[in-house]
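The values are calculated or read from the model by the stated rules, or taken from the named source; none is laboratory data. As the structure is a prediction and not an experimental result, all values here were calculated from the model. All Cβ positions, glycine included, derive from the backbone under ideal geometry; neighbour counts span all protein chains shown.
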Amino acid sequence: MEEKITIESTLKSSDTEEWWDIIFTRPIGFRLALMYRNMKVSPNQVTLISIIFGIMAGICFYSANLKTNLIGMVLLVIANLHDSADGQLARMTNNKTKLGRILDGLAGDLWFVTIYCSISLRVTDHGHPWIWALAAGAGACHIIQAAMADYYRNIHLLFIKGEAGSEVDNSTELENEYNSIRWRNGFFRKMMLRFYLNYTKEQEFCSRNLQKLLRLIRERFGKEMPEWLTSEFRRKDRRLMKYTNILTFNTRMFALFFCLLIDLPWIYFLFEITVMNGILIHLVSSQEKISKYFVNKIECQR
């Protein structure tokens, strides 16, 4: 008899789930995941569906027509539901792959590249070409914000669930894998891995104390972290999860929709550069303090 699959089994952790995801995104994503599982659709194929919906949504935001924008909002919500469903389907079917993780990150980037370009073209049509510089700055900030939010979530999962429950990768191991692939025989895989390697290096560069902590843990404890470390890290780090949640999709979606509804879409770029960057700085600073605390504590035990 097949074991009944519950929505709880498709979630990463209650510590890292956002309120909107719990009440809306995950329940619908779970139903989609069940449907796609019965249809024999793979998680990566669901990710590709989310990319299609996300790009269509972005194109709708070029128009200043409110009805067209509302259609784009619905399409973006559908894209996000599929983005949730692909991960839930992967956990449901135990079909988690590195390619899937890379595609999942790429999906959001493609959505927002389309959105940024559409908004910039829309504003340019009204005689304001300066918007491209603002969009480029907001886009650069967006990439770092999303990368660090994703990384800190997975670090939290690493401490409470171990390597099996987390998706933390190491740039050294990724670089070895990248160098082992030949362009001639694995062009697509090598190209995607290059993108992911750069993404991982960016995360590690912004978290120096955390990298020192992870190296120290590997040297001192190997893969089996002591109970005191996992429980104390979870207690200290859990309060930061609300900031990682703010830096992920939902806050951006609500802010974008508001700016579109008042017909001032360029304000969204200012939101990324000011509000979201302020939250990122606080998050990185707080996480680095926590990591330094544990580095000192472990070193004092020698």
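Here is a yes/no grid of residues against (1) of a type in the set (F, W, Y); (2) closer than 15 Å to L260 by Cα:
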site	(1), (2)
S50	no, no
F53	yes, no
F61	yes, yes
V77	no, yes
G87	no, no
R91	no, no
N95	no, no
L103	no, no
L121	no, yes
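Let's see how each residue does on (1) over 16 Å from I7 (Cβ atoms); (2) touching a residue at least 24 places away in the same chain (Cβ under 8 Å); (3) hydroxyl-bearing (S, T, Y):
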{"site": "F24", "(1), (2), (3)": "no, no, no"}
{"site": "R31", "(1), (2), (3)": "no, no, no"}
{"site": "R37", "(1), (2), (3)": "no, yes, no"}
{"site": "K40", "(1), (2), (3)": "yes, no, no"}
{"site": "P43", "(1), (2), (3)": "yes, yes, no"}
{"site": "T47", "(1), (2), (3)": "yes, yes, yes"}
{"site": "L66", "(1), (2), (3)": "yes, yes, no"}
{"site": "L75", "(1), (2), (3)": "yes, no, no"}
{"site": "S84", "(1), (2), (3)": "no, yes, yes"}
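Only residues that are within 26 Å of K297 (Cβ to Cβ), more than 25 Å from the chain's Cα centre (by Cα) and not in a helix (DSSP H, G or I) were counted across region 169-222, and they come to 1.
Of all residues in region 210-249, those satisfying the criterion of being surrounded by fewer than 18 Cβ atoms within 10 Å (Cβ to Cβ) and among the polar types (S, T, N, Q) are Q211, T230, S231.
Restricting the search to helices (runs of 4 or more DSSP H) fully inside region 1-106 and requiring at least 1 residues that are surrounded by fewer than 20 Cβ atoms within 10 Å (Cβ to Cβ), hydroxyl-bearing (S, T, Y) and at pLDDT below 95 gives 66-93. G278 meets the stated requirement of being surrounded by fewer than 16 Cβ atoms within 10 Å (Cβ to Cβ) and within 25 Å of the chain's Cα centre (by Cα). What are the pairs with Cβ atoms under 9 angstrom where one residue, in region 273-293, is within 14 Å of I246 (Cα to Cα) and the other, located anywhere, is assigned to a helix (DSSP H, G or I) and of a type in the set (F, W, Y)? Sequence gap at least six, or different chains. Going by the 9 Å Cβ cut-off, the qualifying pairs are I279/Y243; L280/Y243; H282/Y243; L283/Y152; L283/Y243; V284/Y152.
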